Amino acid sequence: MQLTTHSDYAMRLLIYLAIHPGDRPATVKDAAERYGISTNHLAKVAQKLVQEKIVLSQRGRGGGLKLAVQPVDINIGKLIRKTENLELLECFGDQCACPIDNVCILYSALRKAQKAFLDVLDGYTLEDVVKNKAKLLQSLNVA
(Lines give C-alpha, C1' and ligand atoms only; values in the text may rest on other atoms or scores of the structure.)
Protein backbone atom coordinates (compact mmCIF):
# COMPACT_ATOMS: atom_id res chain seq x y z
CA MET A 1 0.00 0.00 0.00
CA GLN A 2 1.34 3.41 -0.89
CA LEU A 3 0.68 6.33 1.41
CA THR A 4 -0.02 9.80 0.08
CA THR A 5 2.33 12.74 0.47
CA HIS A 6 -0.20 14.16 2.94
CA SER A 7 0.34 11.24 5.34
CA ASP A 8 4.09 11.32 4.76
CA TYR A 9 4.23 15.02 5.62
CA ALA A 10 1.93 14.54 8.62
CA MET A 11 4.27 11.93 10.06
CA ARG A 12 7.34 14.06 9.30
CA LEU A 13 5.80 17.10 10.99
CA LEU A 14 4.80 15.09 14.06
CA ILE A 15 8.32 13.65 14.32
CA TYR A 16 9.74 17.15 14.06
CA LEU A 17 7.39 18.49 16.74
CA ALA A 18 8.17 15.55 19.04
CA ILE A 19 11.92 16.15 18.90
CA HIS A 20 11.86 19.95 18.70
CA PRO A 21 13.53 21.60 21.70
CA GLY A 22 10.90 22.92 24.10
CA ASP A 23 12.17 26.49 24.47
CA ARG A 24 10.09 27.84 21.56
CA PRO A 25 7.30 26.60 19.28
CA ALA A 26 8.31 25.06 15.95
CA THR A 27 7.33 26.70 12.69
CA VAL A 28 6.06 25.14 9.50
CA LYS A 29 8.73 27.03 7.59
CA ASP A 30 11.55 25.65 9.70
CA ALA A 31 10.24 22.08 9.50
CA ALA A 32 9.75 22.32 5.73
CA GLU A 33 13.26 23.69 5.24
CA ARG A 34 14.84 20.96 7.36
CA TYR A 35 13.01 18.24 5.40
CA GLY A 36 13.45 20.00 2.05
CA ILE A 37 9.71 19.94 1.34
CA SER A 38 7.02 22.42 0.31
CA THR A 39 6.14 24.95 3.01
CA ASN A 40 2.67 25.47 1.51
CA HIS A 41 1.90 21.77 1.44
CA LEU A 42 3.21 21.29 4.98
CA ALA A 43 1.05 24.21 6.16
CA LYS A 44 -2.05 22.42 4.83
CA VAL A 45 -0.99 19.26 6.63
CA ALA A 46 -0.45 21.25 9.84
CA GLN A 47 -3.94 22.73 9.50
CA LYS A 48 -5.42 19.21 9.27
CA LEU A 49 -3.47 18.10 12.35
CA VAL A 50 -4.73 21.15 14.25
CA GLN A 51 -8.32 20.31 13.22
CA GLU A 52 -7.77 16.76 14.48
CA LYS A 53 -6.52 18.21 17.80
CA ILE A 54 -3.16 16.48 17.46
CA VAL A 55 -1.24 19.75 17.08
CA LEU A 56 -1.72 23.16 18.72
CA SER A 57 -1.18 26.31 16.69
CA GLN A 58 -0.24 29.61 18.29
CA ARG A 59 -0.52 32.68 16.08
CA GLY A 60 1.49 35.85 16.21
CA ARG A 61 5.01 36.75 17.17
CA GLY A 62 6.65 33.86 18.94
CA GLY A 63 3.91 31.57 17.71
CA GLY A 64 4.20 28.25 16.03
CA LEU A 65 3.25 24.65 16.46
CA LYS A 66 3.52 22.10 19.23
CA LEU A 67 2.02 18.73 19.99
CA ALA A 68 -1.41 18.88 21.62
CA VAL A 69 -0.92 15.44 23.19
CA GLN A 70 2.02 13.38 24.36
CA PRO A 71 3.84 11.32 21.70
CA VAL A 72 2.81 8.11 23.48
CA ASP A 73 -0.83 9.04 22.82
CA ILE A 74 -0.41 9.50 19.06
CA ASN A 75 -1.04 6.14 17.44
CA ILE A 76 0.41 5.82 13.94
CA GLY A 77 -2.41 3.55 12.69
CA LYS A 78 -5.05 6.01 13.86
CA LEU A 79 -3.13 8.85 12.26
CA ILE A 80 -3.08 7.05 8.91
CA ARG A 81 -6.82 6.41 9.15
CA LYS A 82 -7.31 10.18 9.58
CA THR A 83 -5.00 11.24 6.76
CA GLU A 84 -5.64 8.59 4.10
CA ASN A 85 -8.54 7.66 1.87
CA LEU A 86 -8.62 3.94 2.63
CA GLU A 87 -10.93 3.09 -0.26
CA LEU A 88 -8.38 1.14 -2.29
CA LEU A 89 -10.94 0.30 -4.97
CA GLU A 90 -14.45 1.38 -5.88
CA CYS A 91 -15.82 -1.64 -4.01
CA PHE A 92 -14.41 -0.32 -0.73
CA GLY A 93 -16.86 2.59 -0.88
CA ASP A 94 -20.62 2.93 -0.51
CA GLN A 95 -21.28 3.53 -4.21
CA CYS A 96 -19.96 0.25 -5.64
CA ALA A 97 -21.50 -0.64 -9.00
CA CYS A 98 -19.43 -3.79 -9.58
CA PRO A 99 -21.68 -6.78 -10.35
CA ILE A 100 -19.37 -9.26 -8.58
CA ASP A 101 -18.92 -7.21 -5.43
CA ASN A 102 -20.64 -9.66 -3.09
CA VAL A 103 -18.75 -12.74 -4.37
CA CYS A 104 -15.33 -11.25 -5.18
CA ILE A 105 -12.39 -13.01 -3.55
CA LEU A 106 -10.02 -10.19 -4.54
CA TYR A 107 -12.06 -7.76 -2.44
CA SER A 108 -11.73 -10.08 0.54
CA ALA A 109 -7.97 -10.46 0.03
CA LEU A 110 -7.45 -6.71 -0.25
CA ARG A 111 -9.50 -6.07 2.90
CA LYS A 112 -7.35 -8.60 4.79
CA ALA A 113 -4.16 -7.03 3.46
CA GLN A 114 -5.30 -3.54 4.42
CA LYS A 115 -6.31 -4.74 7.88
CA ALA A 116 -2.89 -6.38 8.37
CA PHE A 117 -1.16 -3.17 7.25
CA LEU A 118 -3.14 -1.05 9.70
CA ASP A 119 -2.80 -3.62 12.49
CA VAL A 120 1.01 -3.30 12.26
CA LEU A 121 0.83 0.50 12.36
CA ASP A 122 -1.56 0.29 15.32
CA GLY A 123 1.34 -1.23 17.26
CA TYR A 124 3.37 1.99 17.02
CA THR A 125 3.07 5.41 18.61
CA LEU A 126 4.91 8.61 17.87
CA GLU A 127 6.96 7.92 20.99
CA ASP A 128 8.18 4.67 19.40
CA VAL A 129 9.10 6.49 16.20
CA VAL A 130 11.25 9.10 17.97
CA LYS A 131 13.17 6.82 20.34
CA ASN A 132 16.31 7.71 18.38
CA LYS A 133 15.78 11.42 19.13
CA ALA A 134 19.48 12.32 19.18
CA LYS A 135 20.03 10.85 15.72
CA LEU A 136 16.89 12.54 14.39
CA LEU A 137 18.01 15.90 15.76
CA GLN A 138 21.42 15.42 14.17
CA SER A 139 19.93 14.34 10.81
CA LEU A 140 17.65 17.39 10.73
CA ASN A 141 20.42 19.68 12.01
CA VAL A 142 18.34 20.87 14.96
CA ALA A 143 20.35 22.43 17.76
Of the residues in the stretch 95-129 that are more than 17 Å from residue 78 (Cα to Cα) and of a type in the set (Val, Ile, Thr), the one that is surrounded by the most Cβ atoms within 10 Å (Cβ to Cβ) is 100
If we ask which residues in the stretch 1-43 are aromatic (Phe, Trp, Tyr) and within 15 Å of residue 55 (Cβ to Cβ), their number turns out to be 2
Does any residue in the stretch 50-71 that is of a type in the set (Ser, Thr, Tyr) come within less than 9 Å, Cβ to Cβ, of a residue that is open to solvent by 70 Å² or more (accessible area, probe 1.4 Å) six or more places away or on a different chain, and which pairs are these? 57/47; 57/66
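Give me a count of the residues in the stretch 40-68 that are among the aliphatic types (A, V, I, L, M) and not in a helix (DSSP H, G or I).
6
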Considering only residues of the stretch 58-81 that are open to solvent by less than 90 Å² (accessible area, probe 1.4 Å) and either in contact with a Pro (Cβ under 8 Å, 6 or more places away or on another chain) or modelled with pLDDT under 95 (or both), which is nearest to residue 17 (Cα to Cα)? 65
Quick check on my filter: what residues within the stretch 1-24 are surrounded by fewer than 16 Cβ atoms within 10 Å (Cβ to Cβ), assigned to a loop (DSSP other than H, G, I, E, B) and not basic (Lys, Arg)? 1, 2, 3, 4, 21, 22, 23
Exactly one condition in (1) under 30 Å from residue 27 (Cβ atoms); (2) in contact with a Gly (Cβ under 7 Å, 6 or more places away or on another chain) is not met by residue 87; state its number. (1)
For the condition assigned to a loop (DSSP other than H, G, I, E, B) and β-branched (Val, Ile, Thr), what is the one hit in 80, 37? 37
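The values are calculated or read from the model by the stated rules, or taken from the named source; none is laboratory data. Since we're looking at a predicted model, the values are computed, not measured. Here the Cβ is made from the backbone with ideal geometry for all residues, glycine too, and neighbour counts use every protein chain on show. All accessible areas refer to the heavy atoms of the entire protein, side chains included, with ligands and DNA or RNA removed. Shrake-Rupley method; radii C 1.70, N 1.55, O 1.52, S 1.80 Å.
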